[in-house]
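The values are calculated or read from the model by the stated rules, or taken from the named source; none is laboratory data. Since the model is a prediction, treat every value here as computed from it, not as a measurement. Here Cβ is always computed from backbone atoms with ideal geometry, including for glycine, and neighbour counts include all displayed protein chains. SASA here: full protein model, heavy atoms, side chains in, ligands and nucleic acids out. Shrake-Rupley method; radii C 1.70, N 1.55, O 1.52, S 1.80 Å.
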Amino acid sequence: MASSTILSRKMIKLLSPTPPSLRCHKLSFMDHINFPLHSPYAFFYPKIPQNYSSKISQILENSLSKVLSFYYPLAGKINNKYTYVDCNDTGAEYLNVRIHCPMSQIINDPYNDAVDVVFPQDLPWSSSLNRSPLVVQLSHFDCGGIAVSACTSHTIFDGHSLSKFINDWASTARNMDFKPSPQFNASTFFPLPSETNLSSTPPTTHPSQRYVSRMYNFSSSNLTRLKDMVTKESHVKNPTRIEVASALVHKCGVAMSMEKSGMFKPTLMSHAMNLRPPIPLNTMGNAVCIILTTTMTEDEVKLPNFVAKLQKDKQQLRDKLKDMKKDMMPLYTLELAKNAMNIIEKGTHDVYLCSGMTNTGLHKIDFGWGEPVRVTLTTSKNNNFIFMDEQSGDGLNVLITLTKDDMLKFQSNKELLEFASPVVESTK
């Protein structure tokens with residue numbers, strides 16, 4: 001990894017203090033049962049206009065100070081039972097860092113793990129209990145490019161909330177008169193049960209071995225080819241780009257597993273589904289349910305069959321949630337998660353985790369000096385697929401995380417390479 005030097009570290013205070021009536025932000029049941037980890041995203045900007053080069057940090061600091069007045073829980077402290085945030089205006093942690101290499105060395109590395117250098121050391125996916133719920137790092141490369149990274153507590157934010165915050169921060173940076181409109185009222189939809197029934201130590205994860213990540217691109221034309229293939233060979237109608245792309249990476253994962261063991265092993269794939277709507281779009285917090293799709297035979301792994309199964313599982317979940325009282329949704333989500341954990345613990349299935357950050361605008365985040373050339377994150381979960389919008393067009397980028405040995409098998413899959421291409425070609 002490239003070396004780095006911390007130039008400065010400070011706490012960014014709120015431009016307007018939080019009113020006493022908002023001092024205690026109640027966490028919802030969805031927040032409480034989530035992993036208390038820092039979710040890390042980074043945005044790379046290779047060319048900074050000359051009129052901005054000396055003002056970047058000040059623009060980011062001033063706009064962050066203002067936007068925190070609206071996103072005040074990010075400047076507070078999570079209590080040790082994960083039931084509320086003390087919105088005490090401590091501020092968000094902000095680092096200025098010099099990276100001792102050109103940006104090209106990072107974004108042209110075949111393995112995405114090179115981006116770890118633009119995050120505070122050991123922070124991504126670590127506990128957010130005893131540190132600021134928001135930690136920002138501005139990284140300066142030798143070439144003049146920069147990266148802006150943000151690590152937000154998953155206890156307070158899901159992916160939708162994170163994308164809303166980053167978009168509002170960028171809008172504020174371009175126009176200080178902009179007024180965000182987040183609502184921190186998730187606890188009214190998903191209230192906590194009595195504290196006597198709550199655990200004070202929500203689950204966390206610690207990877208037992210080193211994983212590696214690579215990013216692949218599905219062009220719009222290749223996604224269309226996949227959709228056509230699926231619809232022609234089945235009764236599937238209007239498959240989405242994530243449905244066909246996740247079916248393909250799942251099939252490649254199965255092929256990788258069979259190459260190792262010489263036999264088929266059942267699979268479990270989970271997809272995260274946003275609950276907005278029925279929850280209002282500007283509700284901040286965690287509002288996600290999971291869709292579980294299993295395959296028990298090789299025939300079910302075939303693309304048309306898997307997409308049909310995935311669509312059926314999604315519709316069944318929608319039907320289940322449609323008539324469900326909102327305060328019952330967290331218990332149902334927890335039940336689904338426990339079912340998945342039981343399968344994982346038995347070791348009878350290969351497990352694949354999917355999440356999507358599409359249609360969020362994150363691929364076009366502009367703080368005033370243009371759109372990023374790369375948007376990415378680090379990940380600690382094995383067999384993990386994260387879908388994002390590509391930087392231009394209607395294609396998809398998918399960040400794939402596997403063990404190093406598995407990645408060597410996965411990246412040579414001919415069917416994968418027929419429809420997707422590595423964002424950075426391997427030279428190893």
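The table for this structure:
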{"quantity": "Search result, residues across segment 29-79 that are hydroxyl-bearing (S, T, Y), within 20 Å of the chain's Cα centre (by Cα) and assigned to a loop (DSSP other than H, G, I, E, B)", "calculated": "Y71"}
{"quantity": "Conditions (1) over 24 Å from I56 (Cβ atoms); (2) surrounded by fewer than 23 Cβ atoms within 10 Å (Cβ to Cβ); number of the one not met by D158", "calculated": "(2)"}
{"quantity": "Any chance D366 is among the acidic types (D, E) and either part of a helix (DSSP H, G or I) or open to solvent by 70 Å² or more (accessible area, probe 1.4 Å) (or both)", "calculated": "no"}
{"quantity": "Unique match (being touching a residue at least 12 places away in the same chain (Cβ under 8 Å) and over 21 Å from E345 (Cβ atoms)) among K265, K232, K251", "calculated": "K251"}
{"quantity": "Search result, residues across segment 330-352 that are surrounded by 17 or more Cβ atoms within 10 Å (Cβ to Cβ) and modelled with pLDDT of 95 or more", "calculated": "H349, D350, V351, Y352"}
{"quantity": "Tally, over segment 38-72, of residues that are open to solvent by 10 Å² or more (accessible area, probe 1.4 Å) and not hydroxyl-bearing (S, T, Y)", "calculated": "13"}
{"quantity": "Count - residues of segment 1-28 that are outside any strand (DSSP E or B), open to solvent by 70 Å² or more (accessible area, probe 1.4 Å) and under 30 Å from T83 (Cα atoms)", "calculated": "6"}
{"quantity": "Answer residue from segment 373-428, given it is of a type in the set (D, E) and open to solvent by less than 20 Å² (accessible area, probe 1.4 Å) and is farthest from T358 (Cα to Cα) among those", "calculated": "D406"}
{"quantity": "Sole residue being outside any loop (DSSP other than H, G, I, E, B) and either at pLDDT 95 or above or open to solvent by less than 60 Å² (accessible area, probe 1.4 Å) (or both), chosen from M263, M229", "calculated": "M229"}
{"quantity": "Some residue of segment 65-74 being in contact (Cβ under 8 Å) with a residue 24 or more places away in the chain, of a type in the set (D, E, K, R) and touching a strand residue (DSSP E or B) at 6+ places or on another chain (Cβ under 9 Å)", "calculated": "no"}
{"quantity": "Some residue of segment 371-382 being assigned to a helix (DSSP H, G or I) and either in contact (Cβ under 8 Å) with a residue 12 or more places away in the chain or not assigned by the TED database to the domain that holds A245 (or both)", "calculated": "no"}
{"quantity": "Condition check for L399: in contact with a helix residue (DSSP H, G or I) (Cβ under 9 Å, 6 or more places away or on another chain), of a type outside the set (D, E, K, R) and over 29 Å from F165 (Cα atoms)", "calculated": "no"}
